Amino acid sequence: MSESRTTTVLIAALGGEGGGVLAGWLVDAAGRAGHWVQQTSIPGVAQRTGATTYYIEIMERAEGDDRQPVMGLTASPGNVDVMVASELLEAGRALENGFVTPDRTTLIASTHRIYAIAEKSAMADGRYDAERVRRAAEQMAARQVLFDMRAEAERANTVINAVLFGAMAGANVLPLPREAFEDAIRSGGIAVEANLAGFDLGFRMAQGERPAGATESTTVSDDDGLDDRTLTDRINRNLPGMLQELAREGARRLIDYQGVGYARFYLDRLEAMVKADAARGGTSRSYAVSREVTRRLAVWMAFEDLIRVADLKIRPERVARVRAEVKAAADEPVMITEFLKPGVDEVASLLPPAMGRWAIGLADRAGVRYRLNVGMHVSSTRIRGFLPMWLLSRLKGWRPRTLRFAEEQDRIDRWLAVITDALEADYDLAREIVVAGKVVRGYSDTHRRGIRNFHLLMDAVPACKSARPPARAFRTLLDAALSDPEGDALDRALAALRGEKAAA
């Protein structure tokens with residue numbers, strides 16, 4: 001038995017990606033090749049905090065030796081020959097946990113991203129650095145096979161596990177002929193032709209080929225995509241070239257959100273910022289402040305109130321995406337249930353400013369502002385659920401008259417004014433203040449805490465101007481606000497700043 005070679009494979013796949021089918025194919029292929037094979041699995045955790053893992057050991061049979069081997073039940077760090085990940089963050093987890101080593105492991109992973117709950121719920125941009133995972137893979141794996149397998153699966157009209165299976169075969173790290181892999185797919189009897197096409201794509205990509213029409217890593221956008229030519233001309237005429245594509249995307253978003261007039265308002269604000277930026281040396285700095293404002297201003301102006309949420313939830317493309325995710329056939333009904341919990345603030349936000357503030361004040365005095373809410377389960381695919389959401393989504397024309405709209409515009413105006421003023425004192429400080437706009441996000445308690453932190457940060461700018469260097473002082477406060485949405489860390493950082501000023 002000691003002369004027999006053993007190959008260990010660890011597969012990490014997210015729910016719905018066919019990891020169990022992939023592992024089953026590999027076990028079938030190994031059996032067809034006449035090898036000993038064993039598979040175990042560990043279920044993942046719900047809500048995108050971890051993948052299900054499948055551990056497979058393949059032992060080549062020595063000729064004439066029929067003794068059944070004893071195999072391991074779980075993978076151990078440093079002892080994995082082939083690490084397979086259906087998404088880039090899962091590859092990063094494998095790297096972090098020691099399952100990928102430079103003396104042994106071939107890493108086969110898709111480079112697309114499906115964001116984890118921690119990434120989505122972070123106060124700031126919580127996305128993990130994909131390039132950092134790639135660099136770590138280059139350093140820590142003996143060999144890497146990395147490309148966007150989800151895109152290839154969509155191109156072949158199949159699922160990602162077929163492309164992964166092809167990449168495993170094409171990497172030439174398993175003691176199995178190509179025919180054994182393909183026979184395993186055929187024996188499954190499900191979507192055989194599509195899965196074989198996906199397998200072939202993965203196989204060829206792993207061998208360094210790029211089949212005709214294969215997805216490139218770069219994306220190509222259309223010329224401008226704006227229906228209103230006057231906006232396109234205005235952007236091209238009044239904004240630096242490096243900002244124009246971002247501005248077009250921002251205008252597209254705001255036309256969809258509120259209409260052409262709102263997109264013009266966005267450009268009014270943006271042009272004023274570019275003018276102030278240029279006057280303070282922005283040209284030599286590649287308009288760093290204006291570039292960040294271009295992106296963040298569009299996102300902030302398209303804030304998600306109840307009208308926006310209802311609009312997004314009933315869009316046909318969302319229903320189509322859900323149907324695709326659950327793999328529903330054309331004749332199969334799919335029911336979508338929305339879980340909503342509107343409270344006093346959410347309802348008052350749709351009222352005119354004076355009336356909305358009166359309603360919130362009344363709820364405050366009665367002590368029910370944060371306790372008076374209704375948990376709702378609304379089926380947006382049934383007429384009795386769809387119709388109220390459709391009616392709510394039609395209130396776009398009313399939105400500029402609402403309390404929420406007025407309050408958000410006031411906060412945006414204050415943010416832009418503080419940035420413009422900071423440009424007079426310190427360019428780097430202005431850049432940091434731009435980033436502070438992202439503390440206002442989410443809804444309910446998260447949104448209220450973000451507003452509190454935002455105003456505390458804006459109030460602290462004069463104190464930061466007298467610190468040395470100003471940008472670092474403000475960044476310390478911003479990092480505190482982003483690390484702790486409750487605001488305790490920001491309060492401590494503000495106290496420290498005031499103490500430093502008093503000592504000076």
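Observations on the model:
- Qualifying residue in the range 401-414 (condition: buried (at least 18 other Cβ atoms within 10 Å of the Cβ), of a type in the set (Phe, Trp, Tyr) and under 30 Å from Arg468 (Cβ atoms)): no
- Looking at Val21, Val45, Val27, Val37, just one residue is assigned by TED's automatic domain parsing to the domain that holds Ala137, modelled with pLDDT under 90 and surrounded by fewer than 22 Cβ atoms within 10 Å (Cβ to Cβ), and that residue is Val45.
- Val461 touching a Leu at 6+ places or on another chain (Cβ under 8 Å), touching a residue at least 40 places away in the same chain (Cβ under 8 Å) and surrounded by 20 or more Cβ atoms within 10 Å (Cβ to Cβ): yes
- Each residue in the range 380-397 was checked for being outside any helix (DSSP H, G or I) and free of Cβ contacts under 8 Å to residues at least 60 places away in the same chain, and 1 pass.
- From the options Arg155, Arg178, residue that is over 26 Å from Leu95 (Cβ atoms), over 26 Å from the mean Cα position of the chain (by Cα), of a type in the set (Lys, Arg) and not assigned by TED's automatic domain parsing to the domain that holds Ile433: Arg178
- Qualifying residue in the range 140-160 (condition: part of a strand (DSSP E or B), of a type in the set (Val, Ile, Thr) and touching a residue at least 24 places away in the same chain (Cβ under 8 Å)): yes
- Output for the range 360-375, where each listed residue is surrounded by fewer than 12 Cβ atoms within 10 Å (Cβ to Cβ) and within 30 Å of Val334 (Cβ to Cβ): Val374, Gly375
- Within the range 432-454, residues that are more than 18 Å from Ala302 (Cβ to Cβ) have Cβ atoms under 6 Å from residues that are among the basic types (Lys, Arg) and modelled with pLDDT of 90 or more in these pairs: Glu432/Arg475, counting only partners at least 6 apart in sequence or on another chain.
- Thr283 meets the conditions (1) touching an Asp or Glu at 6+ places or on another chain (Cβ under 9 Å); (2) buried (at least 18 other Cβ atoms within 10 Å of the Cβ) in every case but one. The failed one is (2).
- Exclusive hit being under 28 Å from Leu254 (Cβ atoms), over 28 Å from the mean Cα position of the chain (by Cα) and not aromatic (Phe, Trp, Tyr), set Leu403, Leu478, Leu457, Leu416: Leu403
- Filter result for Ala276 (of a type in the set (A, V, I, L, M) and either at pLDDT below 95 or farther than 30 Å from Thr337 by Cα (or both)): yes
- Any hit, the range 348-359, residues being closer than 30 Å to Glu317 by Cβ and surrounded by 14 or more Cβ atoms within 10 Å (Cβ to Cβ): yes
The values are calculated or read from the model by the stated rules, or taken from the named source; none is laboratory data. Note that the structure is a prediction, hence the values are computed from the model and not measured. Quick reminder, even Gly has a Cβ in these numbers, built from the backbone with ideal geometry, and neighbours come from all protein chains shown.
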